[in-house]
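Let me begin by presenting the structure, written as structure tokens, before commenting on it.
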Amino acid sequence: MTGPVAPKDHGRDESRAERMDRNWAELLQELRVLQTGVQLLAGFLLTLPFQARFETLDDYQTRLYLANVVLAALTTATILLPVSVHRRLFRQGLKATLVASADTIAKFSLAGVGLLSVGTTSLIFDVTVGRTAGVIAGAGLLAVLVLLLVVVPAGLHRKGREEEPL
């Protein structure tokens, strides 16, 4: 058999359209969670220039701050992208395309939130404790996020496929 393999229903009594609707609703909920995290980090970053201590940032800290602001804006844009795609594809019978694209976009958004968290943590540690602490904190959080967001899901996926009855 060639072509994409239909996902197993895992005991669900739903049509393909119902499954697509459920998948779309689940993706939107995940994006809402991501959006909240980005909004909190972006809001924090946007208040920094108005603090007296901001004037004391060195060039590296200023560049890291600006990189975080750009990353927050880009991540916000990727989180909003599925809404734009939905508006363009609404009532065109392309729900599977919408769900598949939103899934990919959600993965990019998740990576953006992770990198934004790493950059913000690194900046905070750099400013409050020093450059070495900033680099260690950023690298440490990056390692933890790679473990939690990449390695653990891959392991669970592999384990699930091994346990699935034929």
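The single condition among (1) free of Cβ contacts under 8 Å to residues at least 60 places away in the same chain; (2) under 30 Å from residue 15 (Cβ atoms) that residue 96 does not meet is (1). Selection of the stretch 100-116 for residues being touching a Leu at 6+ places or on another chain (Cβ under 8 Å) and either open to solvent by less than 40 Å² (accessible area, probe 1.4 Å) or hydroxyl-bearing (Ser, Thr, Tyr) (or both) yields 102, 105, 106, 109, 112, 113, 114, 116. Looking across the stretch 85-99 at every residue that is in a helix (DSSP H, G or I) and open to solvent by 60 Å² or more (accessible area, probe 1.4 Å), the one that is modelled with the highest pLDDT is identified as 97. Would you call residue 155 open to solvent by less than 30 Å² (accessible area, probe 1.4 Å), free of Cβ contacts under 8 Å to residues at least 40 places away in the same chain, in a helix (DSSP H, G or I) and under 30 Å from residue 19 (Cα atoms)? Spelling it out, residue 155 is indeed open to solvent by less than 30 Å² (accessible area, probe 1.4 Å), free of Cβ contacts under 8 Å to residues at least 40 places away in the same chain, in a helix (DSSP H, G or I) and under 30 Å from residue 19 (Cα atoms). Does the stretch 19-26 include one or more residues that are within 13 Å of the chain's Cα centre (by Cα) and touching a residue at least 12 places away in the same chain (Cβ under 8 Å)? Among the residues of the stretch 19-26, not one is within 13 Å of the chain's Cα centre (by Cα) and touching a residue at least 12 places away in the same chain (Cβ under 8 Å), which makes the answer no. Scanning the stretch 52-68 for residues that are open to solvent by less than 100 Å² (accessible area, probe 1.4 Å) and either among the small types (Gly, Ala, Ser) or more than 19 Å from residue 133 (Cα to Cα) (or both) returns 52, 66, 67. Quick check: is even one residue across the stretch 117-132 within 27 Å of residue 31 (Cβ to Cβ), at pLDDT below 90 and open to solvent by less than 60 Å² (accessible area, probe 1.4 Å)? Scanning the stretch 117-132, I find no residue that is within 27 Å of residue 31 (Cβ to Cβ), at pLDDT below 90 and open to solvent by less than 60 Å² (accessible area, probe 1.4 Å), so the answer is no. For the stretch 69-84, the tally of residues that are without any contact (Cβ under 8 Å) to a residue 24 or more places away in the chain, polar (S, T, N, Q) and surrounded by 12 or more Cβ atoms within 10 Å (Cβ to Cβ) stands at 0.
Any residue that is out of contact with any His (no Cβ under 9 Å at 6 or more places or on another chain), open to solvent by 90 Å² or more (accessible area, probe 1.4 Å), among the β-branched types (Val, Ile, Thr) and part of a helix (DSSP H, G or I) - is there at least one of those in the stretch 135-148? Yes: one or more hits. When you look at residue 165, is it modelled with pLDDT under 95, of a type outside the set (S, T, N, Q), assigned to a helix (DSSP H, G or I) and at negative phi, yes or no? So residue 165 does not fit the description; no.
The values are calculated or read from the model by the stated rules, or taken from the named source; none is laboratory data. None of the values given here were measured: they were computed from a predicted structure. Neighbour counts run over all protein chains shown; Cβ positions are idealised from the backbone, glycine included. Just so you know, the surface numbers come from the protein's heavy atoms only, side chains and all, with ligands and any DNA or RNA stripped out. Shrake-Rupley method; radii C 1.70, N 1.55, O 1.52, S 1.80 Å.
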